[in-house]
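Below is one structure; the comments refer to it alone.
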Amino acid sequence: MTNHSEAAGAPGTEQITLRNPSELAEALPYLLGFKPEDSIVLVALHRGRFGGRVRLGIPERPGDWPSVAEEMAKCLISGCERKDGTPDGIVAFLCRDPRTTETGRQVMERLQPLAQMLRLACGRLDVPVVEALCISDDHFWSYSCPVEECCPPDGTPLAASGTSVTAAAMTYAGIQVRRPPREMRARLTPWQTAAVPQQEHALDAAAMALVPRILAGVPRAEVANETLDLARRVWSRFGQLPTGDDTLEADLRDDEQLAHDEAARLILGLQDRLTRDHAAEWMEGDEAPLALRLWRALARRCVGPYGEHAAAPLTLAGWVAWSLGDRVEAGEALDMALAADPRYVFARLLMEACSADLDPEPVRRSLRKARDERNVTPSEAHTERAFDVPEAAVAVGAGAGVDGEGAAGGKCAGPPGRPSAEGSREPAEDRVTRALEAALRRRGSRRAGAGKGPSQPGVRAPRRPQGRRRVSRQGTRRDG
């Protein structure tokens, strides 16, 4: 489930009046910042103004609808009560395009019981659903209006995208509709192409080369510096490509600039928490868009048994997107990171902070401070092992799992973006985590016992049971 507290890109000062169900239906993509697909959306109303909103995919099994309706109503109303007070009403949207043998009207009729369940769930919490709309096949239907002259049985056509008066007003106000979530997730999903065996072989080879060095006691900073230097070289190539739209076609051009062995070395190197947090410093200015493209590209290379390794690049992609103001992509990336590894602490904290509509500036400030406190010249190399990998991990096979959240942070010094041995009294990764936790405490969004699982409404719960230890082809991974 995803919480949205403001429309993406909205300055928050312009007033736009929506007078009827047609304008409500046309405004939905602007309220969320993207066009929802197969989604239940609840939007709170406070004295005639839009407030918080929640979105969740429509469950395929009707037997799941009652519990989903209850949870969504509780999530929205409790979240609004903490921030703006109890809503005066709620607008419900059911968005689903018809399948091959269906019409939009049939979709509307099939989802009508779900609309009624949402009404009852909100009513039990003393908040009425003032309007419930179904949007399907470029038409909309109102479940609240029985007048055929106003809401005909075959639905009311929606205006072509971007051509309505509502769309013009939203665009004038600076509110934009971004890519649909399906396209965002496609840009972060591991390859399913003929190149997968080659990338998997490169990941095996990189793991076999790295693990012996770790077990031999290679200084942690040495491995981290190699990873960060390679990352800079790769995203500098991205910067030399012709500028164009930020689309799937642009991703293909980026993929051509990233060799299989380079991607493998970066993926394995980013499993170290210290390396990852130094990479997170590329969060603003000209570096941020290039770094975001690299993290997307690396997430696409976590193929086969290396799926859990995607948690690090996905978390970095979510962090940079949030820092750049794109909460929609940030939420999708962080959700995918937690699906890859539900125990990934940095992703969990970022997801809570992003869903709670916090300002990313405290985290940026913490990263800047850690970078500025490092000396220009590295001193004595850090001898702590970068990854806590037992010898048994090597026997499991190539791809020994390196723990992105379990490695202890050491003191650091060095030029910006490079870890080294001394300089900061508090480890950089601890400082970033504390900055997130402090921001969440100030907002009052974390319950007692936070840190053991998502607590902010809208944060998705882990999708896999937690265990003490997992052993797979990648090796042994400690709990984060």
Matching residues in the range 36-74 (open to solvent by less than 20 Å² (accessible area, probe 1.4 Å), among the polar types (S, T, N, Q) and more than 18 Å from the chain's Cα centre (by Cα)) number 0
For the range 75-119, give me each residue that is among the hydrophobic types (A, V, I, L, M, F, W, C), in contact with a His (Cβ under 9 Å, 6 or more places away or on another chain) and open to solvent by 10 Å² or more (accessible area, probe 1.4 Å).
M108
Identify, by number, the condition in (1) of a type in the set (A, V, I, L, M, F, W, C); (2) surrounded by fewer than 18 Cβ atoms within 10 Å (Cβ to Cβ); (3) assigned to a loop (DSSP other than H, G, I, E, B) that L258 doesn't meet.
(2)
Against the conditions (1) modelled with pLDDT of 75 or more; (2) under 28 Å from the mean Cα position of the chain (by Cα); (3) crowded, with 20+ Cβ neighbours inside 10 Å, where does M170 fall short? Just the number, please.
(1)
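Could you pull out every one of the strands (runs of 3 or more DSSP E) wholly within the range 36-106 that has 3 or more residues that are under 16 Å from Q116 (Cα atoms) and aromatic (F, W, Y)? Break it down stepwise before answering.
Values: elements: 39-46, 49-57, 89-95.
So the answer is none; nothing clears 3.
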Yes or no: Q257 within 26 Å of L210 (Cα to Cα) and free of Cβ contacts under 8 Å to residues at least 60 places away in the same chain?
yes
Selection count where residues are assigned to a helix (DSSP H, G or I) and either β-branched (V, I, T) or open to solvent by 10 Å² or more (accessible area, probe 1.4 Å) (or both), scope the range 301-318:
5
Would you check if L350 is hydrophobic (A, V, I, L, M, F, W, C) and without any contact (Cβ under 8 Å) to a residue 24 or more places away in the chain?
no
So which residues in the range 233-255 are buried (at least 18 other Cβ atoms within 10 Å of the Cβ) and among the charged types (D, E, K, R)?
D254
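Yes/no per residue for (1) open to solvent by 80 Å² or more (accessible area, probe 1.4 Å); (2) among the small types (G, A, S); (3) at pLDDT 80 or above:
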{"site": "P146", "(1), (2), (3)": "yes, no, no"}
{"site": "R179", "(1), (2), (3)": "no, no, no"}
{"site": "A186", "(1), (2), (3)": "no, yes, yes"}
{"site": "A194", "(1), (2), (3)": "yes, yes, yes"}
{"site": "Q198", "(1), (2), (3)": "yes, no, yes"}
{"site": "A206", "(1), (2), (3)": "no, yes, yes"}
Could you please find all residues in the range 274-288 being out of contact with any Leu (no Cβ under 9 Å at 6 or more places or on another chain), over 18 Å from E226 (Cα atoms) and either part of a helix (DSSP H, G or I) or among the charged types (D, E, K, R) (or both)?
D286, E287
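Quick grid of which residues meet (1) more than 9 Å from the chain's Cα centre (by Cα); (2) part of a loop (DSSP other than H, G, I, E, B); (3) at positive phi; (4) crowded, with 24+ Cβ neighbours inside 10 Å:
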{"position": "L290", "(1), (2), (3), (4)": "yes, no, no, no"}
{"position": "V320", "(1), (2), (3), (4)": "yes, no, no, yes"}
{"position": "G325", "(1), (2), (3), (4)": "yes, yes, yes, no"}
{"position": "E329", "(1), (2), (3), (4)": "no, no, no, yes"}
{"position": "E332", "(1), (2), (3), (4)": "no, no, no, yes"}
So which residues in the range 75-110 are within 28 Å of the chain's Cα centre (by Cα) and among the aliphatic types (A, V, I, L, M)?
L76, I77, I90, V91, A92, L94
Any idea which residue in the range 130-144 is least open to solvent (accessible area, probe 1.4 Å), counting only those that are part of a loop (DSSP other than H, G, I, E, B) and closer than 21 Å to T101 by Cβ?
D137
Hey, among A259, A221, which residue is touching a His at 6+ places or on another chain (Cβ under 6 Å) and at negative phi?
A221
L266 vs (1) part of a helix (DSSP H, G or I); (2) more than 18 Å from L350 (Cα to Cα); (3) open to solvent by 10 Å² or more (accessible area, probe 1.4 Å); (4) not small (G, A, S): all pass except (3)
As an exercise: evaluate V223 against (1) within 14 Å of L290 (Cβ to Cβ); (2) among the hydrophobic types (A, V, I, L, M, F, W, C); (3) assigned to a helix (DSSP H, G or I) and give the number of the one condition it does not meet.
(1)
Output for the range 60-102, where each listed residue is of a type in the set (S, T, Y) and in contact (Cβ under 8 Å) with a residue 60 or more places away in the chain
S78
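The values are calculated or read from the model by the stated rules, or taken from the named source; none is laboratory data. Model, not experiment: these values are computed from the prediction. Reconstructed Cβ throughout: ideal geometry from the backbone, glycine too, with neighbour counts over all protein chains shown. These area figures cover heavy atoms from the full protein model, side chains too; ligands, DNA and RNA do not enter into them. Shrake-Rupley method; radii C 1.70, N 1.55, O 1.52, S 1.80 Å.
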